[in-house]
Structure formats: structure tokens, C-alpha cells
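Visitor: Next up is a structure, given as C-alpha cells.
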Amino acid sequence: MPDTVFQTDRIEVTRPIPAPPAAIFDVLRSPAGHVAIDASGMLQDCTGEPAEKVGDTFVIHMDRESLNDVPLGRYDVTVHIIVFEPDREIAWDLGPDVPVPHFYGYRLAGGGKGVTDVTSYYDWSKVTGDRKERFPVVPESALRATLGILERTVRAGR
């Protein structure tokens, strides 16, 4: 399985995590899980319940200062679940409030012997115009680090 895949407008990073897909998916569908595993430093807190289906939403309280790129300060985003396949895949975008069409997600594939291959992906292929130059906002290193934090979080049973 590829470790990192760079496409023109998409990054995918894969890591084997020694845990069942259900335990991993529980973290990924939870707003608190998103905050707990974030390696970018932008996700500060959350409001809402874990996602249960496509169309569910929750709010993430953000702080862009950790990236030191755009002086947005503290702000909120609403996560809109666009893919929800329990124990297999979850993806989200920021809905109509953020008119920049990019999305994030995770794919899970059981690798045997209690190990799940987890792929984190970030896609900005539908972004156009001058905004395209600002992508990727979250670098490959942050996606990779988030997978490491995900493993630690699942292992700790959080």
C-alpha cells in the first residue's frame, strides 16, 4: 500500500494502525475526536454530537494562528459529513458557509491481524481561480502526524 500519494490537487497518506476499524471510526466520526487528533494546531474545541449519517454536522472552533499564514484569528467552521460508511470511510467539507470547495476524509481497510490501514486524504481539486494558489492549506506532514496521533488516541481508548 502506498505511504503517500501526491496528485495535482490531492494528498493521501496511509498508515497501518493496530486497531479494529470500528474503534478508529468511532474517533473519526466524533467532533471531539477531530480535535484530539489534529496535528495542524488549528482545531481548538468543538460543539455537537458524533456523526451518524451523511448530512450530519458539527461545529469546530478554530484558530488559524497556528499556521501563521492568514490572520483569521479564532473562528468557527461547520463540518458537513458528505461520505459516511461505518468502519470504512468518512469525509466532510465545510458546506455552503465556506465557498471554497475542498474536503477531507479517511478510508479504512482491514489489513488482517488486527491492523487497519488508514488513509487520510485532502482534496482541493474543485478550487478555482486565485484561491487555488493557497492550497494545500494543511501540508502532508500534518496529515501524516494526525495519523500518528490517531493511533495513539485509539490505543489509549479515548
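Visitor: Amide H to amide H under 5 Å from residue 56: which residues, 5+ apart in sequence or cross-chain, H placed 1.01 Å off N in plane?
Guide: 81
Visitor: Which residue fluctuates most in the GNM of the chain (Cα springs below 10 Å): 21, 86, 71?
Guide: 71
Visitor: Okay, moving on. Can you tell me the 0 to 90 degree angle between the C-alpha axis of helix 140-155 and the longest principal axis of the chain, rounded to 10?
Guide: 40
Visitor: Mind checking which of 54, 70, 115 has the largest fluctuation in a GNM of the chain, springs on alpha carbons under 10 Å?
Guide: Greatest mean-square fluctuation among the candidates belongs to 70.
Visitor: Can I ask one more? Accessible area of region 72-158 with a 1.4 Å probe: how many percent of it is carbon plus sulfur? Can you show the working numbers first?
Guide: On the way: 2340 of 4640 Å².
Looking at region 72-158 in its full context, I get 51 percent from C and S.
Visitor: With contacts defined as alpha carbon pairs under 8 Å and 6 or more residues apart, what's the relative contact order of the chain in percent? Working shown, then result.
Guide: Numbers: 318 pairs, mean separation 42.7, N = 158.
Dividing the mean separation by the residue count of the chain yields 27 percent.
Visitor: Using just the helices of the chain, give the 222 nm mean residue ellipticity in deg cm²/dmol: DSSP H runs with n ≥ 4 each add -39,500 (n - 2.57), and the total is spread over all residues, rounded to 500. Present the calculation step by step, with values, prior to reporting the outcome.
Guide: On the way: 3 runs with 31 residues, N = 158.
Result for the chain, helices only: -6000 deg cm²/dmol.
Visitor: With unit charges on the beta carbons (Lys and Arg positive, Asp and Glu negative) and the dipole taken about the Cα centre of the chain, which residue among 138, 95, 13 sits farthest to the positive side?
Guide: Among 138, 95, 13, the one farthest towards the positive end of the dipole of the chain is 13.
Visitor: Between residue 8 and residue 32, what FRET efficiency comes out of the Förster formula 1/(1 + (r/R0)^6) with R0 = 25 Å and r the beta carbon distance, rounded to 0.05?
Guide: The calculated FRET efficiency here is 0.15.
Visitor: Could I ask something else about it? Points 7 angstrom from Cα along the Cβ direction at residue 56 and residue 137: gap in nanometres?
Guide: Here the modelled spin labels are 2.3 nm apart.
Visitor: How big is D for region 32-82, in µm² s⁻¹ as a whole number, if Stokes-Einstein is applied with the Kirkwood radius of its Cα pairs at 4 °C and 1.567 mPa s?
Guide: Working: Rh = 11.5 Å.
Translational diffusion coefficient: 113 µm²/s.
Visitor: Then there's this: For region 31-104, state which GluC sites (Glu not before Pro) are in a DSSP loop and have at most 14 other beta carbons lying within 10 Å of their beta carbon.
Guide: 52
Visitor: Would you mind working out the accessible area per residue for region 1-112, using a 1.4 Å probe, and quoting it in Å²? Working shown, then result.
Guide: Details: 5720 Å² over 112 residues.
For region 1-112, the per-residue accessible area is 51 Å².
The values are calculated or read from the model by the stated rules, or taken from the named source; none is laboratory data. All of these numbers come straight from a predicted model, not from anything done at the bench. Positions of Cβ are backbone-derived with ideal geometry, glycine not excepted, and every protein chain shown enters the neighbour counts. Just so you know, the surface numbers come from the protein's heavy atoms only, side chains and all, with ligands and any DNA or RNA stripped out. Shrake-Rupley method; radii C 1.70, N 1.55, O 1.52, S 1.80 Å.
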